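Everything below concerns the one structure shown next.
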Amino acid sequence: MAGYSVSVALTGSGGAGAMTAGQILLDAASKAGYYGLMTRSMGPQIRGGEAAALLRISSRPISSLDDHYDLLVAFDWGNINRFAAELPLAAGSLVIGDPEQGEVPEPIAKFGARAAELPMKAMAAEIPGGRINMIGLGAAAVLIGLPLDAVLSVLSAQLGRKGEEVLAAATQALKAGAEGAKMLPEVAKLPAAPVDGVKRWNISGNEAAGLGALKAGIRFVAAYPITPGTEVLEYMAPSLDKLGGALVQAEDELASINMVIGGSFAGIPSMTATSGPGLALMTESLGLAVASETPLVVVDVMRGGPSTGIPTKSEQSDLNIAVYGLHGDAPHLVTAPNSIGDCLSTTQWTVYLAEALQTPAIVLSDQAMGQARALIARPDDLPYVANRLVAKDNAEGYLRYAVTESGVSPMAIPGSPGNNYVADGLEHNERGTPSSQASDHHAQLDKRDRKLAKFAYGEMWADIEGDADVAVITWGSCTGPVQEALIRAAEKGIKAKMISLRLILPALPEMMAAALKGVKKVLIVEQSHSEQFYKFLRAHYDLPAEVAVIAHPGPLPIRPAEIVNRLVAWKK
Amino acid sequence: MSEFANFMAHAIALEMEAAERYDELADAMAVHHNDEVAELFRKLAHYSRLHHAEVKDHAKDLVLPQLKPWEYQWHGTEGPEAAPVERTHYMMTPYHCLHMALQNEKRGYQYYADLAYKSADPEVKRLAKQFAEEESEHVVMLEKWVADLKEPEPNWDLDLDPPVVSD
Amino acid sequence: MNVQAPLTHQDFKSDVKPIWCPGCGDFSVLSAVTKALAEHGRPREQVAFISGIGCSSRIPAYTKVYGFHGVHGRALAIAAGVKLARPDLTVLAAGGDGDGLSIGGNHFMHACRRNVDMTYVVMDNQVYGMTKGQASPTTAPDWCNSKLTPEGTGISPVEPVRLALAAGCNFIARGFAGNPNEVARLILEGINHPGFSLIQVLSPCVTYRPEQRDWKQAVHASDGNPSQLVAEAMHRLASDDGFTTGVLFAGNRQAFMPPRRGLGSIAELERKFAS
């Protein structure tokens, strides 16, 4: 729809290779100099399940999927009804199916897009070792106007090591698909690739979070696999080894969070990554990290909940547990990246905050960012590194939990002579000795609260764009659609301000008041069923009188059009 | 290492173990607000330390073997004058405390008396005999002390408050 | 040059007074730990002592090394984190039978098989003391003195040393609180043995299990020749009465430690994403 981008969906089941084709298409777009985004939608099957590679390729930086796909290439129609809702098409869109697979099924046909046929299976069968996904990939590349050379170059880089025969077969199939596409109706074509000299990265949100953590100085990770957080850990395992750090796989999340506490207590910046069910298991020990003032980071890559929920699909519904899940009065940090690239920046910043404030921090990423891959401008280098306030050796009369003005107390690291202390989850006095006295409890509660409340978080607390008396407040992966919506609204003459919160906890009422100065109406955009973010804002911030909410649960992403429509309606 | 040096190392450790155990029990009693018995245990620790100093003085010109805690050869598992931890109670009375001390001293006497009888080393024999005599003096002293105390009521350990629930 | 005298076990004791009931076996374990550390000979700041929750888990505060008194059941996980993050430290963990074998049972099994180089002292009194005397995983099924299970648990107790052996523990010993010097020896052997070492200490609870005072008569020393073969140790432990003290198994598995090659850089990691 937007003239600067084209959106393509590749679907298939039974190991048809939709994901591989999508990955090659994205890499080829990168090669050709475009920006891009690829998310994936999968069934629950371990192998052979229905899968969709959902791409948007663009001549400008993009942070959101579009409202619909311009091209859908379906290698087959197996179980397409399960994710048809995630494949919105417009009247001008083109659906390519294989005649052998029958008519376009109703859930897709109902969008009213144009349909065309390409006998992909038959074409592949004519090529020794030919695969259907390469036929489809060749066709898709030609249809959207992506140079075939770029695709071939990616193909040879990726398949080269599998041997000449495999590469030759793939190349032949790709070319056959490209040839076949010439008989097909036209679809929206890519504009010329930008020549902006901007260094480009090809990275997933989960990799970005891992890299950000490493850049901040994380050198110990305890891991328990869980979808969709596992790739953070899988990325970090070999990377930590390269940096002289270590990752260990734990027996469960109870162990992983406590290993992280141990690693951090021992002086090494430490973290783990998980998803909702894992975070739930970790919450008791997050309380321990608060009480013992042990810095650590948990990256929660959110998925549909509650319980096992929808492990492979995104939702912003762990906000409540991240903010309110700890027992007792337990001040801690909650942050949220708002784009794939920002997964790096926010995680790096969060490690810095956790270490500076000696408290646990939860980074709320989600499946939509974590498992999506983007072609983005290289994220800026940020100055944030772990820098803990450490006690001097043989500090006289050392008090681990000294009540200080900032609330932060120098932390002795094992190995430091003369400063031995016992970290404790029991309420304690300044020395760390267990105490149930009111005065100690109050003093320690105050200091743990004060250190977070008094800290200068700076501009990173939120991304604020535009200036108007209408504001859209959002967070996390909903930020991309909001940004795109505001660009489109501006084209219609509607101005709105965006406030995307990066720092969820602690809430900063003064910063928000300043950001909302002159704002008369607020639209809140989030991906949860019970309006968790809206209620959180209500609890912690003063909002203008007129407030509207767009809140949908996963797995469907929030699309820019809905936001634009709401702003337009408001204007009338 | 000579048998005598070995003997002296044991004699020194015997008094030190006794003193440290009494200190530990005194602390435990103080934590449980049994100040009277805590005071007594402190006193006993003090006497053990005096004896420790005396024994050490006997050995001042000797090169003593450096024994690890588990390398000492006692009749039981610990030095004979170390009070048995499991025989203490937070409500124990001076009567119990001194009876316990009496038993400890009797074991100390027995230990030295045995050595005085069994050892082939004349130096060991001589000093063991001397230490045994000293221990028997302690026994007599404690027996007198205990005799002045009334046996506690049968329900001396009755606690009207139930144990507390903690972490 | 100023040569410092070696530290004695008293140097490893803190000035915090234990809250344990007088008569508790844990006092002897404290004494044994400090004696073992004195013989171990490392400076106090090079030792980390980790515990969970329960009477016995209070022990780190009574020593003068770095300590962590964590949440219930997770001592072994914190301890593993400390050792894996800082291989240079000597790491001890301690706790009770409930902390280690009930709520922490999964970590116990995996600590045995993971074989991180650390020493775990389980003070076993077959009861939950801190919550007023409930049955623990090592309590006999017919023990009826808990209001929670007035007719006994009716459940077979777990034998910690057998469980440890089955799970792959590399060094297994049992001591008795009434013999703190031997417990000290076992702990030091555990520290010196590579990998994960379990020291089960029969540590009487005089408040809820006063009958355990009689353990003094029940314990008996092993023959002093610990098996190095799992099958042999398994056979011996199968008929063990639970009161044999000494080293029961000393295996030769290598301790687990990730490699940390450190042959790359952030710049190299970033280059992989450049398109």
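Details
- Calculated log₁₀ intensity ratio I(q)/I(0) where the Debye formula runs over C-alpha points of chain B, q = 0.11, 0.15, 0.19 Å⁻¹: -0.50, -0.84, -1.20
- Here's the picture: charge each Lys and Arg Cβ at +1 and each Asp and Glu Cβ at -1 in the protein assembly as shown, and of B:Met8, C:Gly154, A:Gly418 the one pushed furthest to the positive end of that dipole is A:Gly418.
- Local charge for B:Val140 was computed over the other residues whose Cβ lies under 13 Å away, with Lys and Arg +1 and Asp and Glu -1, and equals -4.
- Residues whose placed amide H lies under 5 Å from that of A:Gly245, excluding near-sequence neighbours: C:Gly262
- Peptides C:218-225, B:129-136 ordered by average Cβ neighbours within 10 Å, highest first: B:129-136, C:218-225
- Computed over chain C: relative contact order in percent, which uses C-alpha pairs under 8 Å that are six or more apart: 18 percent
- 0 to 90° range, to nearest 10: angle between helix B:3-31 axis and chain B longest Cα axis: 10 degrees
- With contacts taken as Cα pairs under 8 Å at a separation of at least 6 residues, chain A carries a relative contact order of 12 percent.
- Counting Cβ atoms of other protein chains within 10 Å of each Cβ in A:369-380 and taking the mean gives 1.
- Cross-link table B:Lys56/B:Lys129; A:Lys451/C:Lys17; A:Lys492/A:Lys521, entries beyond 21 Å C-alpha to C-alpha: A:Lys451/C:Lys17
- Amide H partners (placed H, <5 Å) of C:Leu248, local residues excluded: C:Ile172, C:Ala173, C:Arg174
- The alpha carbons of chain C stretch over 70, 52, 38 Å along the principal axes, in descending order.
- Cα centroid separation - segment B:73-115 against segment A:37-75, whole Å: 80 Å
- With a Förster radius of 22 Å applied to the beta-carbon distance between B:Lys68 and B:Ala120, the computed FRET efficiency rounds to 0.30.
- Interchain or long-range residues, amide H under 5 Å from C:Val121's placed H: C:Ala93, C:Ala94, C:Gly95, C:Ile199
- Taking every residue in C:253-265 and counting other chain Cβ atoms within 10 Å of its Cβ, the average works out to 4.
- With contacts taken as Cα pairs under 8 Å and at least 6 residues apart, segment A:379-449 reaches a relative contact order of 29 percent.
- Between C:Leu263 and A:Glu459, the modelled label-to-label distance comes to 4.2 nm, taking each label 7 Å out from Cα in the direction of the beta carbon.
- For segment B:117-142 and segment A:90-141, distance of Cα centres in Å: 104 Å
- In sequence order, segment C:183-189 has phi-based couplings of 4, 4, 4, 5, 5, 5, 4 Hz under the Karplus curve 6.51 cos²θ - 1.76 cosθ + 1.60, θ = phi - 60°, and Gly or Pro positions carry x.
- The phi torsions of segment B:58-65, fed into the Karplus equation with coefficients 6.51, -1.76 and 1.60 and a -60° offset, translate into couplings of 4, 9, 5, 9, 9, 8, 8, x Hz, rounded to whole numbers, with Gly and Pro shown as x.
- Taking the C-alpha atoms only, the angle from helix A:438-453 to the longest principal axis of chain A is near 40 degrees.
- Over the C-alpha atoms of segment C:84-125, the Rg to Rh ratio, Rh being the Kirkwood estimate, stands at 0.99.
- Per-residue ³J(HN,Hα) for segment A:422-428, Karplus 6.51 cos²θ - 1.76 cosθ + 1.60, θ = phi - 60°, Hz, x for Gly and Pro: 10, 5, 9, x, 6, 4, 9
- In a DSSP loop and with at most 16 other Cβ atoms within 10 Å, the trypsin sites (Lys or Arg not before Pro) in segment A:164-205 are A:Lys182, A:Lys189, A:Lys199.
- Expressed as a fraction of 2.2 N^0.38 Å, the C-alpha radius of gyration for segment A:137-203 is 1.28.
- The eigenvalues of the Cα gyration tensor, multiplied by 5 and square-rooted, give chain A an equivalent ellipsoid with semi-axes of 46, 27, 19 Å from largest to smallest.
- q = 0.14, 0.15, 0.26, 0.28 Å⁻¹: log10 I(q)/I(0) that the Debye formula gives for segment A:389-455, counting C-alpha atoms only: -0.40, -0.46, -1.15, -1.23
- Note on chain C: with charges restricted to the Cβ of Lys and Arg (+1) and Asp and Glu (-1), its dipole about the Cα centre is near 780 debye.
- Among beta bridges that DSSP assigns inside chain C, antiparallel share in %, nearest 5: 15 percent
- Between segment A:344-388 and segment C:1-50, the alpha-carbon center distance in angstrom: 42 Å
- Using only Cα coordinates, the Kirkwood hydrodynamic radius of the protein assembly as shown works out to 32.3 Å.
- Cα Rg over Rh - segment A:5-181, Kirkwood: 0.94
- Summarised in one figure, the compactness ratio Rg/Rh of segment A:202-377, Cα atoms and Kirkwood Rh, is 0.93.
No value in this document is a laboratory result; all are computed from the given coordinates. Note that the structure is a prediction, hence the values are computed from the model and not measured. Heads up, the Cβs are rebuilt from the backbone with ideal geometry, glycines too, and the neighbour counts pull from every protein chain shown.
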